[in-house]
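Peer 1: The following block contains the structure, expressed as structure tokens.
The values are calculated or read from the model by the stated rules, or taken from the named source; none is laboratory data. All of these numbers come straight from a predicted model, not from anything done at the bench. For neighbour counting, all protein chains shown are included, and Cβ atoms are generated from backbone atoms with ideal geometry for every residue, glycine included. With ligands, DNA and RNA removed, areas are computed over all heavy atoms of the protein, side chains included. Shrake-Rupley method; radii C 1.70, N 1.55, O 1.52, S 1.80 Å.
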Amino acid sequence: MTDRTETGSPPATQSGNDRTPQWHLQGEQNAPVMVLSGTWQARTGNIPVFPKDGLKKASGAHLSFQTSDVQGWDTGLIAFLWDLKRVAHDAGISLDMQTLPGPMRQLLELLPEAPDEPVHHKKVRQPFLETIGTHTIAAVTEVGVVSELGALTVKGAVQTVLGRSRMRLIDLLTNTADAGPYALLIVGVVNFLIGAILAFVGAVELQKFAAGIYVASLVGIAMVREMAAVMTAIIMAGRTGGAYAARISTMQGNEEIDALNVFGIPTSTYLILPTVLSLIITMPFLYLYGCLIGMLGGFVVAISMLDITPAGYFHQTVTAFGIGQFIFGFTKSLVFGAFIGLTSCRIGLKAGRSAADVGIAATRAVVVGIVGVIAIDAIFAVIADVLGI
């Protein structure tokens, strides 16, 4: 039998410190002993790493421990022993755990001899028709849920008129102020620029035929029928719809929605009703405001580019369309407001509970709102063509 000694320690700059963690493999080849000494604490940052070939000369043996010289230890020593345990497992060496102190042995026994192999799940590709069916069912389900929210909102509105609703007036006033007066600036700027662009494009083409006066008709009809309602709805979907979805998803993450359900307060009355009503109330007024500001933008461009008097521009604008055009745009603005409010609340209610889900809900509400507004406007265009409006 021969004696041997293998050692391991941190860098040489710390070798003079008797508290430096060190390990020594000594004893006979068939009965080696792992001698540990020093202070094994992770916060010192000098825990040695057990090499993968540290037990190559002790193959087929039983390894015992001597820890009498260990002055202090924590999880840093357990991490070292786990490395040793895995190397011993790969080398076919058994460890004599009984030679370790009780707490140290109990912690080490909790760790496996080797990390679990990652499980690779084979991705099953769903058939094409099944994928279409799944998405179709999900879309129809969402339409049903949003329709149910709309029905509950109508019911809550009727109860509000009858004085039996649990909706707080302060919530309605707060949401109305946020969706109405606070949005006047951005709605005005965007519609003014839209009216100016329409007038500029029309003036460039119409003055070639000496028909510059019809720029007023072009801007007026475009703003009243389409642009004012659509652009205002897009602005509200990005500004207010995203904010509503983020607010409700934040309440979802903070478990405020759960608290409302526990107290028996319906979310349809407490949260969704004031949100949707505020948009339904403010959208028609914002639409009319957008029409006037858009016509003003067209007026400024037409007067500066064409030989048109203010009175002539005003007269041509008034005679270009009738009250039916305003009613048509007014109706669209009501539908847009209800759609933005319901979809934003629905997206907020089905969001996750993490901080990332708040951003995802806000982004999704903006995208769904904008795409939905354009799709609904296309439906209104078909209806107008059928009715001859």
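Peer 1: Which ranges mark the helices (runs of 4 or more DSSP H) fully within segment 214-306 that have 1 or more residues being within 30 Å of residue 165 (Cα to Cα) and open to solvent by less than 40 Å² (accessible area, probe 1.4 Å)?
Peer 2: 228-236, 242-253, 256-262, 273-305
Peer 1: Next question. Just checking, does segment 336-351 include any residue being over 30 Å from residue 141 (Cα atoms), modelled with pLDDT under 90 and not in a loop (DSSP other than H, G, I, E, B)?
Peer 2: Among the residues of segment 336-351, not one is over 30 Å from residue 141 (Cα atoms), modelled with pLDDT under 90 and not in a loop (DSSP other than H, G, I, E, B), which makes the answer no.
Peer 1: Tell me which residues, restricted to segment 76-110, are of a type in the set (S, T, N, Q) and surrounded by 14 or more Cβ atoms within 10 Å (Cβ to Cβ).
Peer 2: Answer for segment 76-110, where residues must be of a type in the set (S, T, N, Q) and surrounded by 14 or more Cβ atoms within 10 Å (Cβ to Cβ): just 99.
Peer 1: Quick check on this structure: which one of 355, 378 is surrounded by fewer than 13 Cβ atoms within 10 Å (Cβ to Cβ) and under 18 Å from residue 222 (Cα atoms)?
Peer 2: 378
Peer 1: Being among the charged types (D, E, K, R) and assigned to a loop (DSSP other than H, G, I, E, B) is the filter here; which residues of segment 64-96 pass it?
Peer 2: 74, 96
Peer 1: To continue, here is another question. List every residue pair whose Cβ atoms lie under 6 Å apart, where the two residues are 6 or more positions apart in sequence or sit on different chains, the first residue falls within segment 96-110 and is over 16 Å from residue 70 (Cα atoms), and the second residue, located anywhere, is outside any helix (DSSP H, G or I) and open to solvent by less than 50 Å² (accessible area, probe 1.4 Å).
Peer 2: 96/64
Peer 1: Only one residue in 185, 162 is within 30 Å of residue 304 (Cα to Cα), open to solvent by 80 Å² or more (accessible area, probe 1.4 Å) and aliphatic (A, V, I, L, M). Which one?
Peer 2: After applying the criteria, what remains is 185.
Peer 1: On the given criteria, is residue 330 under 37 Å from the mean Cα position of the chain (by Cα), under 21 Å from residue 278 (Cα atoms), in contact (Cβ under 8 Å) with a residue 24 or more places away in the chain and open to solvent by 70 Å² or more (accessible area, probe 1.4 Å)?
Peer 2: Taking the combined requirement at face value, the residue satisfies it.
Peer 1: Hey, among the residues in segment 40-63 that are assigned to a strand (DSSP E or B) and surrounded by 19 or more Cβ atoms within 10 Å (Cβ to Cβ), which one's modelled with the highest pLDDT?
Peer 2: 40
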